[in-house]
Amino acid sequence: MHKINWQEIEEAKEAALEVLLHNAHGPYHGLPRTAGWGYPEPYTRDLMFSILGIAVTGNKILLESIKKVLEALAKNQTKRGHIPSLVHDKKNRGASDTTPLFLLAAAIYRKVSGEQDFLQKAIEKALVWMEYQSHSDCYLVAQQPTSDWRDEQWVLGYGLYVNTLVYSYLKLLGKKERAEMMRQEMERFTITGEEKLRRIQEGLVVKRKPYFALWSYKVYSSERFDLLGNSLAILSGLASVSRAKKMILWIEEACLAMQEKGDLAVELPPNFFPFIQPKDPDWNARYSVYNKPGDYHNGGIWPFIAGFYVAALVAAKKYKLAEIKLMALTKLVSVSANNSNNFGFNEWLKAQNGMPMGQDWQTWSAALYLYAAKCVEDKKTYFFDVMRDSFLPANTLL
């Protein structure tokens, strides 16, 4: 277990800021690049997530850069309100998380800049688009497989991650009534294939477990654990304080068990577990090449998601554990694929040995490190605190 070393954390923060400034201008219309070398394109979801780290730095260059991204997305928005997957390419469509991420990021930018009407028309169109993503014409939104950030993994129907994003932007944009109705839908239990009901009202609560299901749709669901979705559920207040604390205890115990089995070599949770194995019914043939157990979306360690987990610990007032995990994340972002950087801020690492497997100098890895560090230092979860506390003014930053 890593002892907290604030000097190392400060060095990592300086390196993270260097990464973001390096990536702020890329070859596509001067828009930011997704990684220092491997991904020159401006990927929407990566850059929308990065606003959290950019906002807490207050760096004017980076804030202007993310404003340019939001304005370009609004310009390239489809006539029905959908946001493309590449900022500069209006024809690159089909993602289930880009539109909710745009709405969340635009709401955050409004709070940081004070521009309360920023991109109002684009936001209104995006809100309408998202309402039409509910197949039941209620509140939870549905998605097609491989349409969210997991482009190599199937999430069907009502995915936890995308719905936590929707809940979050609804809260930030002051759509409290719709957010509450969505929360009520989510808190229904998942339904198994053995249950026969006249009227199915599926939700995302897992029986006898403290976390939310990965996805649910009618009589089918996956009860594997999604770290990103559940961390966002804690941060946004979808998970109650008692549920959040039980969930964190469950996560830490599950990670200890994985470490004992040799499935986990670091002190941070995988993005997803238990890993899908070739013998499992939800295994797909492509996984044997692109999504092996402990790799990529099938249990890889993603620094940006670990940053959300650290912030979720702060939200649950697990301050000491948050410090320990921030230190573990600091060690993790220091390794690089090419060993030429003091801090690699790599895309993802293999669960079984902690080796970096993606691209170095990843924008969202650096940004979410900065966000996590700020949350731990200040014992606040910027932009999410207001979602959990209905007594705070709607225009407050915290």
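Every residue in region 251-266 that is touching a residue at least 12 places away in the same chain (Cβ under 8 Å), more than 20 Å from the chain's Cα centre (by Cα) and in a helix (DSSP H, G or I), please. Within region 251-266, ALA254, MET258 meet the criteria. For region 362-391, the candidate set comprises residues that are within 18 Å of the chain's Cα centre (by Cα) and aromatic (Phe, Trp, Tyr); within that set, the residue that is nearest to ALA306 (Cα to Cα) is TYR369. From the list ALA107, ALA95, ALA122, the lone residue that is in a helix (DSSP H, G or I) and without any contact (Cβ under 8 Å) to a residue 60 or more places away in the chain is ALA122. Got at least one residue in region 46-53 being part of a loop (DSSP other than H, G, I, E, B) and surrounded by 20 or more Cβ atoms within 10 Å (Cβ to Cβ)? No, region 46-53 has no match at all.
Working carefully through the options SER236, SER221, find the one that is among the polar types (S, T, N, Q) and over 20 Å from the mean Cα position of the chain (by Cα).
Among SER236, SER221, only SER221 is among the polar types (S, T, N, Q) and over 20 Å from the mean Cα position of the chain (by Cα).
Which ones in region 125-160 are in a strand (DSSP E or B), buried (at least 22 other Cβ atoms within 10 Å of the Cβ) and not aromatic (Phe, Trp, Tyr)? Working first, answer last.
Taking region 125-160 and keeping what is in a strand (DSSP E or B), we get 143, 157-159.
Checking which are buried (at least 22 other Cβ atoms within 10 Å of the Cβ) leaves us with 143, 158-159.
The answer is GLN143, GLY159.
Kindly indicate which of ASP295, ASP282, ASP263 is under 17 Å from TRP149 (Cβ atoms) and acidic (Asp, Glu).
Values: ASP282 fails: under 17 Å from TRP149 (Cβ atoms); ASP263 fails: under 17 Å from TRP149 (Cβ atoms).
After ruling out the rest, the residue left standing is ASP295.
Residue count for region 318-344, restricted to those that are of a type outside the set (Ser, Thr, Tyr), in contact (Cβ under 8 Å) with a residue 40 or more places away in the chain and part of a helix (DSSP H, G or I): 12. Scanning for something surrounded by 15 or more Cβ atoms within 10 Å (Cβ to Cβ) and under 30 Å from ALA72 (Cβ atoms), does region 183-195 turn up at least one residue? No, the conditions are met nowhere in region 183-195.
When you scan region 288-303, how many residues do you find that are in contact with a Lys or Arg (Cβ under 8 Å, 6 or more places away or on another chain) and either part of a loop (DSSP other than H, G, I, E, B) or surrounded by fewer than 24 Cβ atoms within 10 Å (Cβ to Cβ) (or both)?
The total comes to 5.
The condition (being in contact with a Pro (Cβ under 9 Å, 6 or more places away or on another chain), buried (at least 24 other Cβ atoms within 10 Å of the Cβ), closer than 25 Å to LYS379 by Cβ and of a type outside the set (Gly, Ala, Ser)) is satisfied by just one residue among LEU235, LEU227, LEU264: LEU227.
Readers should treat all values here as calculations from the given coordinates under stated rules, not as data from a laboratory. All values reported here derive from a predicted model rather than from experimental measurement. In this analysis, Cβ positions are derived from the backbone assuming ideal geometry, glycine residues included, and neighbour counts consider all displayed protein chains.
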